[in-house]
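Okay, structure first, notes after.
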Amino acid sequence: MSTSAASQEMQFFSILMRCGSLAAAARELQVSPPAVSKRLAALEARLGVTLLHRTTRRLALTSEGETYLAQARRILAEIEALERELQGTQAEPSGLLRVNATLGFGRMHVAPAIASFVRAHPRVEVQLQLSVNPPPLGEDAFDVCVRFGEPPDARVIARRLAANRRLLCAAPGYLQRHGTPRTPHDLASHNLIAIRQGDEQGVWRLRSGKRVESVRVRGSLGTNDGEIAVNWALAGLGLVLRAEWDIARYLKSGRLRQVLENWQAPAADIHAVYPVRHQGTARVRAFVAHLEKHFAAGLA
């Protein structure tokens, strides 16, 4: 088999594992599921090993499959890097760009940034997936993830796009009925809206100078969707701790009012996160630069 044909098979297997099923891979490759199954069987026959255990619901890698996938991704990344070096760093961005962001923030801020990006770079195809929780950094499912907070994985690059405070707030009507808390201790007598999302797991940690207070989030409402939590706060149902980028317009209009202004929650700065191997990819560089410019314009 030629080197070109081998790299095409590696690309096929990488796509198959990213999609997670024969049907999904068939849709992306624009072929029928039987054609994908036949191609996989031919690859396994040529290699003389079983790469996948197939079930009706998922594909599971064998140990040989794990080895083949890891080496295939490494080789494909090296080929791409070589092509970038030969083509030069000023190449027009093109190709598929896979982006992940959280649900509410993705809809409100990332999607508009993508719209203006593709107008400027029509040769780039962008696929945006929104999720409640960010995907593991080690997976090869996305090229760029927009995340809150500093990523812990040293194998990725995190470009800071904007500062982002978490603010404690409530509707004026709620504060009129229940009073305005003056200290974190006062929160024990209030209805606190819980957001079980990411690192927000039922405890608010507030700092004022050297003092740190941990507040157990107790109340009649909880959700894993930040937008729902904000809507409950807007309806006067309790206090919510939410990122400034999500609630700035409500604070500006007066529909929400910040409380405990002298107490700060851990920051949730916005980062564009991408694998080190993508730092020279024209479409990734261009998109991250576009995000920086977009977010530099400030809060919407």
Practice item. Take every DSSP beta bridge whose two residues both sit in the stretch 193-287, then give the antiparallel share in percent to the nearest 5. Key: 80
Exercise for review: With a Förster radius of 41 Å, plug the Cβ-Cβ distance of Ala297 and Arg74 into 1/(1 + (r/R0)^6) and report the FRET value to the nearest 0.05.
Suggested key: 0.60
Exercise for review: Starting from the Cα gyration tensor of the stretch 254-296, take the square roots of the eigenvalues, sort them a ≥ b ≥ c, and report rounded, prolate or oblate (rounded when a/c is under 1.5, otherwise prolate if a/b is larger than b/c, else oblate).
Suggested key: prolate
Study note, to complete from the structure: With all protein chains in place and a 1.4 Å probe, Arg205 shows an accessible area in Å² (nearest 10) of 130
Exercise for review: State the label only: which of [x] 1.03; [y] 0.94; [z] 1.07 corresponds to Rg/Rh (Cα atoms, Kirkwood Rh) computed from the shown model?
Suggested key: [z]
Point to revise | For the stretch 1-78 and the stretch 188-240, distance of Cα centres in Å | key: 45
Point to revise | Length released on extending from Leu251 to Gln11, taking residue separation times 0.36 nm less the Cα-Cα span | key: 81.6 nm
**Study point:** Estimated [θ] at 222 nm from DSSP helical runs (n ≥ 4, -39500 (n - 2.57)) normalised by residues in the chain, nearest 500
**Key:** -12000 deg cm²/dmol
Check your understanding: Anyone know which of Gln127, Gln30, Gln279 comes out most mobile in the 10 Å Cα GNM of the chain?
Key -> Gln30
Study note, to complete from the structure: Charge tally for neighbours of Phe117 with beta carbon under 11 Å away, counting Lys, Arg as +1 and Asp, Glu as -1, is +3
Exercise for review: Using a 1.4 Å probe and ignoring any ligands, DNA or RNA, find the accessible area of Ser220 and quote it in Å² to the nearest 10.
Suggested key: 90
Practice item. Starting from the residue with the highest accessible area, list Leu16, Leu234 in decreasing order, probe 1.4 Å. Key: Leu234, Leu16
Review point. Picking from Ile228, Val288, Gly254, whose Cα lies most toward the positive end of the charge dipole for the stretch 194-300 (charges on Cβ: Lys, Arg +1; Asp, Glu -1)?
Key: Val288
Check your understanding: In the Gaussian network model of the chain, springs joining C-alpha atoms below 10 Å, which of Gly222, Gly209, Gly238 carries the largest mean-square fluctuation?
Key -> Gly209
Exercise for review: Rank these by accessible area, largest first, 1.4 Å probe: Cys19, Cys145.
Suggested key: Cys19, Cys145
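The values are calculated or read from the model by the stated rules, or taken from the named source; none is laboratory data. Since the structure is predicted, the reported quantities are computational estimates derived from the model, not experimental observations. Because the Cβ atoms are built from the backbone with ideal geometry, glycine has one as well, and the counts that use them run over all protein chains shown. Heads up: the accessible areas ignore ligands, DNA and RNA and are worked out on the full protein's heavy atoms, side chains in. Shrake-Rupley method; radii C 1.70, N 1.55, O 1.52, S 1.80 Å.
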